[in-house]
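Some notes on the structure that comes next.
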Amino acid sequence: MRIAHALICLLLIAPPVMADTLQPFATDGCSLWIDGPPGNPNLWRHCCVAHDLAYWVGGTEEQRKQADDAMKQCIRKAQQPMIATHTYNSVRMGGGPYWPSTYRWGYGWHYLNGIWPRGYKTPSPDEKAQINRLMPAALQLIAEDAMRNPVHPPPSPAAHSSADAHSSAASSAGL
C-alpha cells in the first residue's frame, strides 16, 4: 500500500515530461536492416532516410501508413520487391509510436507526453513551427548522407552487352 501511495504522490508532484520539444533530425538508414545488397550496399538507403524524416516528425496513424507505403514503393523501384515487402512488414510491426525505441513513429519528440506515450498526434501549431525551423538542417543532413552513402547504379544493359560482345570476340579469337 505504501508503494502505491508513493507512486501516486510522485506522479502528482513530479513535473511532467514534455513531448513538445523536437530533437534535431538523425538517421541511421534502414534501422536494424541492410541499406542494400552486397554489390550495392546503399541501393535503397535513400528510401529509408526519407522514411526516417517522416518518422522523425510523426503525426497521425494515416500519415504513418502513407510513409510506410512510400518506403515500400521506393524500395520496389530499386528492383527489390521481396525486400520491399519484408521491410514494409517490419516497420508496420516494430515502428509504432508506443514502442520506446529510437526508430518509432515520432522519434524526434520525447517518448512521453506527460505520463503517457505521445502516440499518434497531429503536431500543434507550436510543434509545426519547430518542424519548420529544424527542417532545413534535416534536409542538409539528408543531402550529406546521400554524398557519404552513394548508390552505385547498375551497369546499363548496353554496356553489359557491349562487354559481353567484347568478351565473346576475345574468347573466339583465342585470347
Residues of the stretch 49-66 being farther than 16 Å from residue 139 by Cβ and either of a type in the set (Phe, Trp, Tyr) or under 14 Å from the mean Cα position of the chain (by Cα) (or both), which ones?
58, 63, 64, 65, 66
Here the qualifying pairs (Cβ atoms under 8 Å; residues six or more apart or on different chains; first in the stretch 77-89 and farther than 12 Å from residue 43 by Cβ; second exposed (fewer than 13 other Cβ atoms within 10 Å of the Cβ) and modelled with pLDDT of 90 or more) come out as 88/69
Residue check, residue 20 in contact (Cβ under 8 Å) with a residue 60 or more places away in the chain, surrounded by 13 or more Cβ atoms within 10 Å (Cβ to Cβ), among the acidic types (Asp, Glu) and more than 27 Å from residue 116 (Cα to Cα)
no
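Listed here are the residues, each with its yes/no results for (1) on the phi > 0 side of the Ramachandran plot; (2) touching a Leu at 6+ places or on another chain (Cβ under 9 Å); (3) in a loop (DSSP other than H, G, I, E, B).
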| site | (1), (2), (3) |
| --- | --- |
| 86 | no, no, no |
| 90 | no, yes, no |
| 97 | no, no, yes |
| 120 | no, no, yes |
| 123 | no, yes, yes |
| 127 | no, yes, no |
| 134 | no, yes, no |
| 140 | no, no, no |
| 144 | no, no, no |
Restricting the search to the stretch 47-76, which residues are closer than 15 Å to residue 105 by Cβ, in a helix (DSSP H, G or I) and either in contact (Cβ under 8 Å) with a residue 60 or more places away in the chain or touching a strand residue (DSSP E or B) at 6+ places or on another chain (Cβ under 6 Å) (or both)?
50, 53, 56, 57
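The values are calculated or read from the model by the stated rules, or taken from the named source; none is laboratory data. This one's a predicted model, so the numbers in the text were calculated from it and none came from an experiment. Quick reminder, even Gly has a Cβ in these numbers, built from the backbone with ideal geometry, and neighbours come from all protein chains shown.
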